[in-house]
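Below: one structure, written as structure tokens.
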Amino acid sequence: MAERKVFTLSQVAQHKSNKDCWLVINGRVLDVTKFLAEHPGGEEVILEVSGKDATKDFDDIGHSKAAQNMVLKYQVGVLQGAIVKELDSKDAVEKESNTKEMSAFVIKEDGRSKSLAFYDFVVPFLAAALYFGYRCLTRADSVAY
Ligand code: HEM
């Protein structure tokens, strides 16, 4: 069960450093101090919105379902007057672990993987073509003589 302690926005605003970093997302007050170094988007973006309601910034990025559920882990309370939609914490844990398992199978479309694909397929193909070409030539030679 997520924390339901009620905070005002001015209370949240007192925690806006990299040693003590709070923000609000969808009415939930989050202490993300420990998450700063782990955030895949970097700590700077979070520090910019620390002490504030970061819902719009969070949504604008188009965070994944796993990221949306991760907020539960950092919840220390709710914003005064906010209506907070319930998230299933069990769901959050499952989604998170699924993401970790799946990431082993994700093929990233970056330059490195493209060059790897080149070496994985084109180089063996060229080697085979050279080998068979050489075999054909040497066999033709042996038939001619
Ligand atoms: C507790 C709050 C937050 C959590 C749990 C979180 C989590 C994540 C995760 C898991 C990712 C990887 C991509 C994904 O799964 O969507 C990510 C990427 C990112 N996040 Fe957050 N985030 C939080 C808050 C924020 C805030 C407030 C901002 C902006 C002010 C932000 C900006 C970004 C950016 C720029 C990326 C990189 C997107 C990309 O490379 O395409 N995040 N975040």
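In loop segments of the range 34-90 as defined by DSSP, the GluC sites (Glu not before Pro) with at most 12 further C-beta atoms inside 10 Å of their C-beta are E38, E86. Label sites at F121 and E38, each approximated as a point 7 angstrom past Cα along Cα to Cβ, lie 3.7 nm apart. I need the trypsin sites (Lys or Arg not before Pro) found in the range 1-73, filtered to DSSP loop residues with at most 14 other beta carbons within 10 Å of theirs. Taking the range 1-73 and a limit of 14 other Cβ atoms within 10 Å, the loop trypsin sites (Lys or Arg not before Pro) found are R4, K5, K19.
Laboratory data are not the source of any read-out in this text; all were calculated from the coordinates shown. Predicted model, so just to flag it, every value in this text is computed and none were measured. Quick reminder, even Gly has a Cβ in these numbers, built from the backbone with ideal geometry, and neighbours come from all protein chains shown.
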